[in-house]
Each structure stands twice: as structure tokens, then as C-alpha cells.
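Colleague: Have a look at this one.
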Amino acid sequence: SQQGEEDPQALSIQEGENATMNCSYKTSINNLQWYRQNSGRGLVHLILIRSNEREKHSGRLRVTLDTSKKSSSLLITASRAADTASYFCACRYTGGFKTIFGAGTRLFVKA
Amino acid sequence: DTGVSQDPRHKITKRGQNVTFRCDPISEHNRLYWYRQTLGQGPEFLTYFQNEAQLEKSRLLSDRFSAERPKGSFSTLEIQRTEQGDSAMYLCASSLEEGELFFGEGSRLTVL
């Protein structure tokens, strides 16, 4: 299976703390994307990082990509209760058309 | 609203019945994807269209599942002879090139 894996499966932190989620994947990618999903809703795109990029920022989000280790991390700084959601990494593998999602990290931010 | 829309949002059916879901992508997007998601899991790829051509279909998809995208605009996903294991959220997404996917709110299927 090409499915990536997120770590941890669940994370509970206090408001104001930073949250770090990791994603590992199996084979070479064109890009890696992070998505957020609130319970019972569709997914919302957060950041896309291409295989030739190492780091990207968007507001309180920072994504890194290490292609040698086939891994990525998503950092949410100064977390808020509204950040409570599931976060998924998704890989666009080379040589194919599909974007494959991992099982996600469930983040709970306590006010 | 110019986002991805899916219909119906909820469908309850009896085992053995056929169901059809519709997805209207963002108008200028040529790529359309169907995913299935069960509780606590990530979206599972089902099939991919580029314009009207179905270029990839998951091996996990049984013959009871079929998808179409006539004229490269809206898409339909049909499930024939539904089984209880088909109960899930069916998500549609569209994109331009190899960029981000824009998801609809999903169609939740419950098979009794």
C-alpha cells in the first residue's frame, strides 16, 4: 500500500501550545499536502509542498519535507480551541494520478 | 456558491437497493476524484477523472461501483446492490493540474 502514516494518532494540548504532527510515506512523490477536517464535514486544504521544497509557511502553520527520510511534519503554533479537528497528510505519488491520504491525527485543543 | 457541491447529503437505503450520488465540481477544474471515508479513517481513493476520461480506478472498488463524468462536467457515482459495508461518507473533490484538492461536504450513505 502507498498509504502514508501519521503520527501521533491523537494529540491533546492546551490552548497556546504548539502542535506537531508527522507523516511518513512509502515511495517518491510529486507533492505532499496537508488537510484539515472538522467532524462530519469535508476536507479543507491547508498547505501543499512540492518535492523540491523543504519548508513552507502559512500563517501559524509550518510544514517541512524531508524526501531522504520520506517524511513531513506539520507544526501549528499558538494553538487555539478552534484548531480542534482531524489533520491528514496526502501524497501525490509520481507515476500516478491519485492523491493518497493517511489515517490522520486527531487534535484536541483545550481552552 | 462556486465550491464543490454533492447531492444528496444524506441517503438511507435498504440492503440490495441501488444508490446514486452526484458531484458538481468547481467549473474550471478538469480533474475530479471520488473518495470513501469511514469513521476514524482517512479518505480512501475510489476513482479519478481527467475531463470525461476515467483514468484510474481503485482495485478495491468492486464491480458494483461505477462512476461517470459525461462531458467532463458533473460526475455520478452509482452503487448497485448495496451492502451494509458500503455505509460510509462518499467525498468528491476537484482540482486544477496537480494542485490542491477542493472537497465537497460529502454524501453520507447508511445501508440498513
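The values are calculated or read from the model by the stated rules, or taken from the named source; none is laboratory data. This structure is a prediction, so every number in the text was calculated from the model and none was measured. Counting neighbours? That spans all protein chains shown, and the Cβs are built from the backbone with ideal geometry, glycine included. Note: areas computed on protein heavy atoms with side chains; ligands, DNA, RNA excluded. Shrake-Rupley method; radii C 1.70, N 1.55, O 1.52, S 1.80 Å.
Colleague: Show the residues, 5+ positions off or on another chain, whose built amide H is closer than 5 Å to the amide H of B:Asn30.
Modeller: Sorted by chain and number, the residues that satisfy this are B:Ser95, B:Glu97.
Colleague: Could you check what % of the DSSP bridge pairs in chain A are antiparallel, to the nearest 5? Intermediate results must be reported in sequence, preceding the final value.
Modeller: Working: 40 of 45 bridges.
That works out to approximately 90 percent antiparallel.
Colleague: Using a probe radius of 1.4 Å on heavy atoms only, what accessible surface per residue do you get for chain B? Whole Å² is fine. Kindly include the intermediate steps, with their values, before the conclusion.
Modeller: Numbers: 5800 Å² over 112 residues.
Accessible surface, normalised per residue, equals 52 Å².
Colleague: Let me ask something additional. Which residues of region A:64-101 bury at least 30 Å² of accessible area once all protein chains are present, versus their chain alone (1.4 Å probe)?
Modeller: Relative to the lone chain, where solvent access is computed with a 1.4 Å probe, region A:64-101 loses at least 30 Å² at A:Arg92, A:Phe97, A:Lys98, A:Thr99, A:Phe101.
Colleague: Here's a follow-up. In region B:53-103, what chymotrypsin sites (Phe, Trp or Tyr not before Pro) fall in a loop by DSSP, with at most 16 other Cβ atoms inside 10 Å?
Modeller: On the way: sites: B:Phe65, B:Phe74, B:Tyr90, B:Phe102, B:Phe103; in loops: B:Phe74.
Within region B:53-103, the qualifying chymotrypsin sites (Phe, Trp or Tyr not before Pro) (loop, at most 16 other Cβ atoms within 10 Å) are B:Phe74.
Colleague: Would you work out the relative contact order for region B:1-55, in percent, from Cα pairs under 8 angstrom that are 6 or more residues apart?
Modeller: Details: 58 pairs, mean separation 14.5, N = 55.
Reported as a whole number, the value is 26 percent.
Colleague: Ranked by accessible surface with a 1.4 Å probe, highest first, in what order do A:Leu32, A:Leu75 come?
Modeller: On the way: A:Leu32 0, A:Leu75 35 Å².
Putting A:Leu32, A:Leu75 in descending order of accessible area: A:Leu75, A:Leu32.
Colleague: Enumerate the aspartates and glutamates that A:Lys70 could reach by cross-link, defined here as Cα to Cα under 19 Å, with residues fewer than 8 away along the same chain left out.
Modeller: By straight Cα distance, A:Lys70 reaches A:Glu5, A:Glu6, A:Asp7, A:Glu53, A:Glu55.
Colleague: If I compute solvent accessible area with a 1.4 Å probe over the protein chains, what percent of it on region A:65-111 is carbon and sulfur?
Modeller: Numbers: 990 of 1730 Å².
Carbon-and-sulfur percentage of accessible area, whole number: 57.
Colleague: State to the nearest 20 debye the size of the charge dipole of the protein assembly as shown about its Cα centre, where the only charges are +1 on K and R beta carbons and -1 on D and E beta carbons. Present the calculation step by step, with values, prior to reporting the outcome.
Modeller: On the way: 29 positive and 25 negative charges, 71 e Å.
Computed charge dipole of the protein assembly as shown: roughly 340 debye.
Colleague: With springs only between Cα atoms under 10 Å, which of A:Thr20, A:Thr94, A:Thr67 fluctuates most in a Gaussian network model of chain A?
Modeller: A:Thr94
Colleague: What size of dipole, in debye to the nearest 20, comes out for chain A about its Cα centre when the only charges are +1 on Lys and Arg C-beta atoms and -1 on Asp and Glu C-beta atoms?
Modeller: Working: 15 positive and 9 negative charges, 57 e Å.
Dipole about the Cα centre, nearest 20: 280 debye.
Colleague: What order do B:Glu56, B:Glu83, B:Glu100 take when sorted by accessible area (1.4 Å probe), most exposed first? Before the final figure, lay out the partial values.
Modeller: Numbers: B:Glu56 45, B:Glu83 90, B:Glu100 65 Å².
Of B:Glu56, B:Glu83, B:Glu100, the descending order of accessible area is B:Glu83, B:Glu100, B:Glu56.
Colleague: To continue, here is another question. Exactly which trypsin sites (Lys or Arg not before Pro) in region A:1-109 are in a DSSP loop and have at most 16 other Cβ atoms within 10 Å?
Modeller: Working: sites: A:Lys26, A:Arg36, A:Arg41, A:Arg50, A:Arg54, A:Lys56, A:Arg60, A:Arg62, A:Lys69, A:Lys70, A:Arg80, A:Arg92, A:Lys98, A:Arg106; in loops: A:Lys26, A:Arg41, A:Arg54, A:Arg60, A:Lys69, A:Lys70, A:Arg80, A:Lys98.
When the trypsin sites (Lys or Arg not before Pro) of region A:1-109 are filtered for loop state and at most 16 Cβ neighbours within 10 Å, A:Lys26, A:Arg41, A:Arg54, A:Arg60, A:Lys69, A:Arg80 remain.
Colleague: Pop a pseudo-label 7 angstrom from the Cα along the beta-carbon direction at both A:Arg54 and B:Arg22 and give the gap in nm to one decimal.
Modeller: Placing both labels 7 Å along Cα→Cβ, they lie 5.1 nm apart.
Colleague: Return the percentage of antiparallel bridges among DSSP beta bridges fully within chain B, rounded to the nearest 5 %.
Modeller: Working: 34 of 38 bridges.
DSSP beta bridges in chain B are roughly 90 percent antiparallel.
Colleague: Test of understanding: given chain A, find the longest segment containing no GluC sites (Glu not before Pro) that are in a DSSP loop and have at most 16 other Cβ atoms within 10 Å. Before the final figure, lay out the partial values.
Modeller: Working: sites that count: A:Glu15, A:Glu17, A:Glu53.
Between the exposed loop sites, the longest stretch runs A:54-111.
Colleague: Follow-up. Projected onto the charge dipole of chain A (+1 at Lys/Arg Cβ, -1 at Asp/Glu Cβ, origin at the Cα centre), which of A:Phe88, A:Met21, A:Leu48 gives the Cα projection farthest towards the positive end?
Modeller: The residue sitting farthest along the positive end of the dipole is A:Leu48.
Colleague: Which is the longest part of chain B that has none of the trypsin sites (Lys or Arg not before Pro) sitting in a DSSP loop with at most 10 other Cβ atoms within 10 Å?
Modeller: Working: sites that count: B:Lys14, B:Arg59.
Answer from the scan: B:60-112.
Colleague: Apply 1/(1 + (r/R0)^6) to the Cβ-Cβ distance of A:Thr20 and B:Thr2, taking R0 = 25 Å, and write down the FRET efficiency to the nearest 0.05. Present the calculation step by step, with values, prior to reporting the outcome.
Modeller: Details: r = 34 Å, r/R0 = 1.37.
Calculated value: 0.15.
Colleague: Answer with one residue from B:Phe49, B:Phe21, B:Phe103: the one whose Cα lies farthest towards the positive end of the charge dipole of chain B, charges on Cβ with Lys, Arg +1 and Asp, Glu -1.
Modeller: B:Phe21
Colleague: Take chain B, connect every pair of alpha-carbon atoms lying under 10 Å apart with a spring to form a Gaussian network, then pick out the residue of B:Leu46, B:Leu32, B:Leu60 with the largest mean-square fluctuation.
Modeller: Highest fluctuation among the options: B:Leu60.
Colleague: When only Cα pairs under 8 Å and 6 or more residues apart are kept, what is the percent relative contact order across chain B? Could the numbers behind the result be given before it?
Modeller: Details: 278 pairs, mean separation 41.6, N = 112.
Across chain B, relative contact order equals 37 percent.
Colleague: What accessible area, in Å² to the nearest ten, does a 1.4 Å probe give for B:Asp7?
Modeller: Looks like 100 Å² after rounding.
Colleague: Interface size between chain A and chain B, please: total buried accessible area, 1.4 Å probe, rounded to the nearest 100 Å².
Modeller: Details: alone 6080 and 6680 Å², together 10990 Å².
Buried area between the two chains comes out at roughly 1800 Å².
Colleague: Contact order normalised by length for chain A, with contacts defined as Cα pairs under 8 Å and 6 or more residues apart; what percent is it? Could the numbers behind the result be given before it?
Modeller: Working: 284 pairs, mean separation 42.0, N = 111.
Once normalised by length, the contact order is 38 percent.
Colleague: Using a Gaussian network model on chain B with a 10 Å cutoff between Cα atoms, which of B:Ala93, B:Ala53, B:Ala67 fluctuates the most?
Modeller: B:Ala53
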